[in-house]
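Taken together, the values in this text are just the output of simple stated rules run on the coordinates, not laboratory data. These figures come from a predicted structure and were not determined experimentally. Heads up, the Cβs are rebuilt from the backbone with ideal geometry, glycines too, and the neighbour counts pull from every protein chain shown.
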Amino acid sequence: MNNQNKKYILPVIVIAQFACTSLWFAGNAVITDIIKQFSLAPDALGHLVSAVQLGFISGTLLFAVFTISDRYSPSKIFFICSIAASLSNLLIFFADGLPVIMLSRCMTGLFLAGIYPVGMKIASDYNKEGLGKALGWLVGALVLGTAFPHLVHSFTQTLSWKIVISVSSSLSVIGGLMIFLFVPDGPHRGRSTTFDLTAFAKIFRNRNFRLAAFGYFGHMWELYALWAFIPVLLTTYTALHVDTNMPVSLFSFFVIASGSIGCVLGGYLSQYFRNSKIAFVALATSFICCLLSPFLFHFSFVFFLLLLFVWGISATTDSPQFSTIVANSAAAESKGTALTITNSMGFLISIISIESVNALKTVIDPEHIYLILAIGPLLGLIALSGLVFKKPGVRRLETEV
């Protein structure tokens, strides 16, 4: 495929990204069934989500330290990891208790490190201009893929939970094949031929990169904890409003998937506004939603869903904007490493927030536990203000912010 067909590349990457990232919350979507079958404790939900995050962190650290996506073909790495992640996801079929389930989820996360950030690397190699728009579509695909197992589960609740796992594994193989067959390495790829342990230290000296990274870390404190506990949040509302008949799996899909709208919309807005400004507004909106969360459960069903969708959309709109600033702040030969290490640190933070909510929900009124998520957006807004509000004497590259 040559550059004349470049316009077909992004849709292929987007569909492949959706297919492969359906693995991410495959276990989360069927956690109730898994808990029943294996007699697990209720807090298994947080632990299984954290296992995926831990695996992802381990994988991203390996990719970053050995600069894998900058030294080798990103398309081939994506393909190999999609197959490995699919098989890791299926390992749960052989579980007889929590250890093998955790191992399956952790290994799935490990190989997702060769899918999500590498997919962004491939997109950036094809889209030197308009990267914000491209990453908007790409992260939107991740959001939709993350939500998809909930949708599958909503239609297969009377059948075995293994169907959800099988569907996500099959999609991952299809996504990997799409990249391998139709997406060669991009024309703007800068290849690093050497192993460089100092690559990230060099990238981190860039002020725009640092501020965007810290903003992203605040965003990650909130996002995955919110996604992980959306079913719990919906169940809590249903328990308080017994007259509400709400299919939790289906509504979990809609709330999480709504974030894809924000990602794509933010991508288009990035053609007219600075990435940092779009991220700032989105982060501020989700911060307000965090503060309003205790009142959420006392709203009418319509207003409850309305605020939940606003929260779901705003919590993800800033993600591709942060990735765009990070990618544009790094040299071509270290772009993959910059995206990968930033993801790694962000997902480490997400484990802390997930386990914090997991612990607090047993000792605090469930209506108030989501207030803790506001910490991330608040700190992220403080960091991001350094990009949004220009300080005298500080030189910034417009393409980066």
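Under the rule of -39500 (n - 2.57) per DSSP H run of 4 or more residues, summed and divided by the residues of the chain, what mean residue ellipticity at 222 nm is obtained, to the nearest 500 deg cm²/dmol?
-25000 deg cm²/dmol
Pick from ASN206, ASN358, ASN275: which residue has the top mean-square fluctuation in a GNM of the chain where Cα pairs under 10 Å get a spring?
Maximum fluctuation in the GNM of the chain, among the listed residues, is at ASN206.
Just to be sure I understand the rule: take each whole DSSP H helix in the chain, project its Cα atoms onto its long axis, keep it if the span is 15 Å or more and its mean Kyte-Doolittle hydropathy is at least 0.5. Which ones pass?
Length and hydropathy pass: 6-21, 44-65, 74-90, 98-112, 131-155, 162-182, 207-240, 248-269, 275-296, 301-329, 335-360, 375-388.
Please work out how many pairs of lysine residues in the chain are eight or more positions apart (or on different chains) and have Cα atoms closer than 18 angstrom.
Count of close lysine pairs: 17.
Within the set of other residues whose C-beta is less than 12 Å from the C-beta of PHE287, count the net charge using Lys and Arg as +1 and Asp and Glu as -1.
-2
For Cα pairs less than 8 Å apart in space and 6+ apart in sequence, what is the mean separation divided by the residue count of the chain, i.e. the relative contact order in percent?
Result for the chain is 26 percent.
About the Cα centre of the chain, what is the dipole size in debye to 20, counting +1 per Lys and Arg Cβ and -1 per Asp and Glu Cβ, all else neutral?
1340 debye
If you find the alpha carbon centre of the range 368-382 and of the range 16-66, how far apart are they in angstrom?
Value for the Cα centre distance between the two parts: 23 Å.
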